[in-house]
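A short write-up of the structure that comes next.
Any read-out appearing in this document is the output of simple, stated calculations on the displayed coordinates, not a laboratory observation. Note that the structure is a prediction, hence the values are computed from the model and not measured. Ideal geometry is used to build each Cβ from the backbone, glycine not excepted, and the neighbour counts take in all protein chains shown.
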Amino acid sequence: MSSKYKIFNTSEELVLSFNKLVEFYDYNGTEGAYSFVFCGVDIKYLDLCKNESYSLQCEDFEGRLDFDFIINKFSACENNFFLNLNISSGMYEVGALSILEFQNEDEKRIWLDMKGSLKRKYISACYIKNGFPREIKNEKIIIEGKYIQDYYSFYCELGYALFGNYGYIGNNLNAVCDLLNDLVEENKNIIWSDSELSFKSIDNSLPEGYYQSSSEYILSLLEDYFNIELK
């Protein structure tokens, strides 16, 4: 049976394969370092080294879960390989895989239970699951401002309004612009309900240095692609 996950070194040689990837919460709080378990590893053939670079490839999601990493430390127990590592490239954010593992079929706005920047994990899960959108699926587009509680929830709600469950529209205005350039041929109508409330939520939670991503900039960008009715 072919393994679901494969690890390659910088020479693109296969050094390890396994069947399940498990994300762990890192209680050390070390910035950029994350803990995982590779399950179903043949420990006899381990050939990985600390401080070396590797690439993870997954047979699912058309490569969208793939990422490069550097190993900080590791240990093995039976057929499980425990690692602490730094992710150096890829659009995967740790936590996205767990969302897809446990809430893949949910139709509700699951990001409402996530605080602040943790919504980036949901946005990453949207990308891994569905990739870049090819068309706007919803005929009637309604942005529900009452569900926009902060800056990142705007991107969650916009993706949901345009494409439905796990709809991906990026996590910054540059990504939104790039995607809409490819998607919108003529202006569509959008209703943005509870707009004033959502504008305040966005502006009161802007990440540091994101002053050009305020609600004013967001509205100006969207008006290039849509006829917006604010309510």
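Annotations
- With θ taken as phi - 60° and the Karplus curve 6.51 cos²θ - 1.76 cosθ + 1.60 applied, the whole-hertz 3J(HN,Hα) list for the stretch 190-196 is 10, 9, 10, 7, 6, 5, 4 Hz, x standing for glycine and proline.
- For the set 200/231; 108/231; 4/137; 115/200; 119/188; 4/121, the pairs lying more than 19 angstrom apart at their alpha carbons are 108/231; 4/137; 119/188; 4/121.
- Shape class for the chain: prolate, because the ratio a/c of the largest to smallest gyration tensor axis (alpha-carbon atoms, square roots of eigenvalues) is 1.5 or more and a/b beats b/c.
- Cleavage-rule hits, trypsin sites (Lys or Arg not before Pro), the stretch 69-134, DSSP coil, Cβ neighbours within 10 Å at most 14: 108, 115, 134
- About the Cα centre, charge dipole magnitude for the stretch 113-231 (Lys/Arg +1, Asp/Glu -1 at Cβ), debye: 540 debye
- Between residue 184 and residue 4, the FRET efficiency estimated from the beta carbon spacing at R0 = 41 angstrom works out to 0.65.
- Sequence-ordered 3J(HN,Hα) estimates for the stretch 214-224 from the Karplus curve with 6.51, -1.76 and 1.60 and θ = phi - 60° stand at 5, 4, 4, 5, 4, 5, 4, 5, 5, 5, 6 Hz, glycine and proline given as x.
- Report note on the peptides 7-17, 86-96, 160-170: ranked by the mean count of other C-beta atoms within 10 Å, highest first, their order is 160-170, 86-96, 7-17.
- Applying the Karplus relation 6.51 cos²θ - 1.76 cosθ + 1.60 with θ = phi - 60° to the stretch 85-99 yields 3J(HN,Hα) values of 8, 10, 7, 10, 7, x, 9, 6, 10, 4, x, 5, 5, 5, 4 Hz, where x marks Gly and Pro.
- Measuring nothing but how far apart in sequence close Cα pairs (under 8 Å, 6+ apart) lie, relative to its length, the stretch 61-182 scores a relative contact order of 22 percent.
- For the chain, averaging the sequence separation of C-alpha pairs within contact (under 8 Å, six or more residues apart) and dividing by the residue count gives a relative contact order of 14 percent.
- Magnitude of the charge dipole, the stretch 20-133, Cβ model with Lys/Arg +1 and Asp/Glu -1, debye to 20: 380 debye
- GluC sites (Glu not before Pro) restricted to the stretch 122-231 and DSSP loop, no more than 14 other C-beta within 10 Å: 135, 139, 185, 186, 208, 223
- Placing +1 on the Cβ of every Lys and Arg and -1 on the Cβ of every Asp and Glu, with no other charges, gives the chain a dipole of roughly 520 debye about its Cα centre.
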